[in-house]
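Here the structure is laid out as structure tokens; the discussion comes afterwards.
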Amino acid sequence: MHPASWVGWVLAVMVVALATTNPFYLAVLLLAVVLVAVLSPREGNGVVSFRALAIFGTVMFALSLAIAVVNGSYGDHVLFTVPGPRVPEWLGGLRLGGPVSAEGLVAAAIRGLAILSILFAYGVFNGAVSPHRILRSTPAALFQASLVVTVGLTLLPSSVEDLRRVREMRALRGAPGGWRELPALVVPAIVGGLERSLRLAEAMEARGYGASPPLPMAPRLAAAAAAPLLIAAAWLWFYEAGWQPLALLLVGAATGLLVWWWRAASRAREVTRFDRDQLPLVERVGLGLSALLALGALALRFTGNGALTYNPFAGLPVPGFEPLPVLIALGLAWPAVLLAARPAPAPVAEGERQFAPGAAP
């Protein structure tokens, strides 16, 4: 799949996961993401990076529940009480221990499901798309930002691979294992990653990679002025009654300034592509479907329809379950349909298999 399709899918998953607090919809969304993860390909060290992100997401889910237990929670359905010291009120309501309610655990589980869905989606994206392909497909106006993002995407797989290599070398030397030996694993991996980053930066700087003339002052000021205009528009829209027209006017002005900066930044840097990575028609439809699903989730959240919001502290009611939000969550499994319909790779002949890279002698 094209990198733009994966980016649109990940953004749509993030929007839907953050737009709802209904555990039923989040569970359906997580199942859709897992289905895509099962069928998605793996580029390079994608398997290792996805496994690391999956473990990290599971740990964050358990940590959310543990924090709810340690801090205690309010609610009518008290499950048990954790003993703890009495914290002064001037600390802002901080609690250590106390009664743990079912409402608090449900709220922590809802937050954990949203985080888990986003991390799984990012893991699928990180494993299925080559960072170099992302950099080639980025518009010229976002080249510097995409270069930073590309380096960040390669950091996790390379760090995990360094950890595995250091652990194997220590095991061959007969070094003991366990949690006490964790610094001996992490420190060499971090030092190796920093040295590799410094060598890459020095090589790129020596070759003049990324050098481009600076933008004029006017487009830079326009891009800087767009952010406060958007913040002011959001404030007027949500917190000031009757100022919605002015908020829309500010959004239009900020959009115009961003378009001006985009055109100037695109012209300042000339990019030559020998082979353009075309976006197929079916993936364009999928990209449009991702945008439609994200807008649908936002529309349901702003209008209060679809039972997207759920408050467990209101007596722990049963969450609502309506067909339209379920269809939005299930619709985000559209990459699985494309991945399942892709043709299977051609079988390798016996004569070619023995000369394939990595084949055993």
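The values are calculated or read from the model by the stated rules, or taken from the named source; none is laboratory data. Just so it is clear, the structure is predicted and the values come from calculations on it, not from any experiment. So basically every Cβ, Gly included, is an ideal-geometry build from the backbone, and we count neighbours across all protein chains shown. Side chains included, ligands, DNA and RNA excluded: accessible areas come from the protein's heavy atoms. Shrake-Rupley method; radii C 1.70, N 1.55, O 1.52, S 1.80 Å.
Overview of results
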| item | result |
| --- | --- |
| Under Karplus coefficients 6.51, -1.76 and 1.60, residue-wise ³J(HN,Hα) of the stretch 242-254 in Hz, glycine/proline x | x, 9, 5, x, 5, 4, 5, 5, 5, 5, x, 5, 5 |
| Proximal charge balance of A222 [Cβ under 15 Å; K/R count +1, D/E count -1] | +3 |
| Added length on full extension, which subtracts the Cα-Cα distance from 0.36 nm per residue, M14 to L39 | 7.0 nm |
| Net charge over other residues, Cβ less than 15 angstrom from the Cβ of E168 (K, R count +1; D, E count -1) | +2 |
| Cα→Cβ-extended label distance, 7 Å offset, between V70 and F56, nm | 2.0 nm |
| Estimated vicinal HN-Hα couplings, Hz - the stretch 221-234 in sequence order (Karplus 6.51, -1.76, 1.60; Gly, Pro = x) | 5, 5, 5, 6, 7, 5, 5, x, 5, 5, 5, 5, 5, 5 |
| Amide H contacts of V82 (H built 1.01 Å from N, under 5 Å, at least 5 apart or other chain) | G98, V100 |
| Packing-based ranking, highest mean first, of 123-129, 255-261 given that Cβ atoms within 10 Å are counted | 123-129, 255-261 |
| Selection of trypsin sites (Lys or Arg not before Pro), the stretch 216-323, meeting DSSP coil and at most 11 other Cβ within 10 Å | R273, R276 |
| List W9, W262, ordered by accessible area with a 1.4 Å probe, largest first | W262, W9 |
